[in-house]
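Rule-based calculations on the coordinates, nothing more; no lab input. None of these values were measured; they are calculated from a predicted model. Cβ: placed from backbone, ideal geometry, glycine included. Neighbour counts: every protein chain shown.
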Amino acid sequence: MKSLRIIRQTSLLWLGGMALAVLLSACGRLPVIPPSDTTGAQDNVRRCEQPFLNRPYRLIHSLEATVAGRTPETLLGITLFDPRARRTHSALLTLEGFVLFEAGGGKEVHVERAVPPFDTPRFADNMMEDIRLIFLAPEGRLLETGTLEDGAAVCRYDDRQGGIIDVVARRGDGWEITAYGANHKTRRKVRASAVQSGMPGVVELTGYTAVDYSLRLTLISAEPISAGDLQQQPSPGQTD
């Protein structure tokens, strides 16, 4: 029964993406970015790139998922990344090792395993969108950059889908990423902290969709891999 409850609650996390434009049709206003000089702008761009993976990695996290303010449920997330090819392979498991969902790919997501209701049409796309927002640099062009009053670098990117991504990189510990829809309403907010050797120990994501949700990822392990491991590595679904 606990596994079934986890499945039902967690499946809501990524299902609201398509409905967002209808539910939040009013236009929002993007935060103003204080400009910086040319030298500062170049430094800001470099700092804004630091939150994102620059080589293939395998990351394992414990994942606390909260839907509509309910008691968090804990899962295990295993994800392989190839940033250059923008390919990922990800699996969600119960703490007992049961694979709830597994998928991978680049622009197109290929689902390898999905326990109902994880097999809904939008679940895979929205889950991968969360993962890419957190760990992969924005694909679109840099629109503007500046420096906040506290010295944090901020960079604004086009997300190539009509939306905007803001990255705020702080000089101490951590960074924030905010994704806005075409109407400039906030869709997702990410906060990373407890950074060691460039890797955040804790990542918190809040999604504003048909059902608001939050994810808290606590890093268990981070292992550099080769790009070929995304095809060669046995998946969790092959070992249970």
For a quick check: with amide H placed at 1.01 Å from N, whose amide H comes under 5 Å from LEU100's, ignoring anything fewer than 5 positions away on the same chain?
LEU92, LEU93, THR94
For the stretch 57-65, Karplus couplings with θ = phi - 60° (6.51, -1.76, 1.60), whole Hz, Gly/Pro x:
9, 10, 10, 10, 10, 7, 10, 9, 10
Per-residue HN-Hα couplings for the stretch 215-225, Karplus 6.51 cos²θ - 1.76 cosθ + 1.60 at θ = phi - 60°, whole Hz, x for Gly and Pro?
10, 10, 9, 10, 5, 9, 7, 9, 10, x, 9
Assigned charges on the beta-carbon of Lys, Arg, Asp, Glu; the stretch 92-163 dipole about Cα centre (debye)
180
Relative packing of peptides 224-230, 56-62, 128-134 - highest average C-beta neighbours within 10 Å first:
128-134, 56-62, 224-230
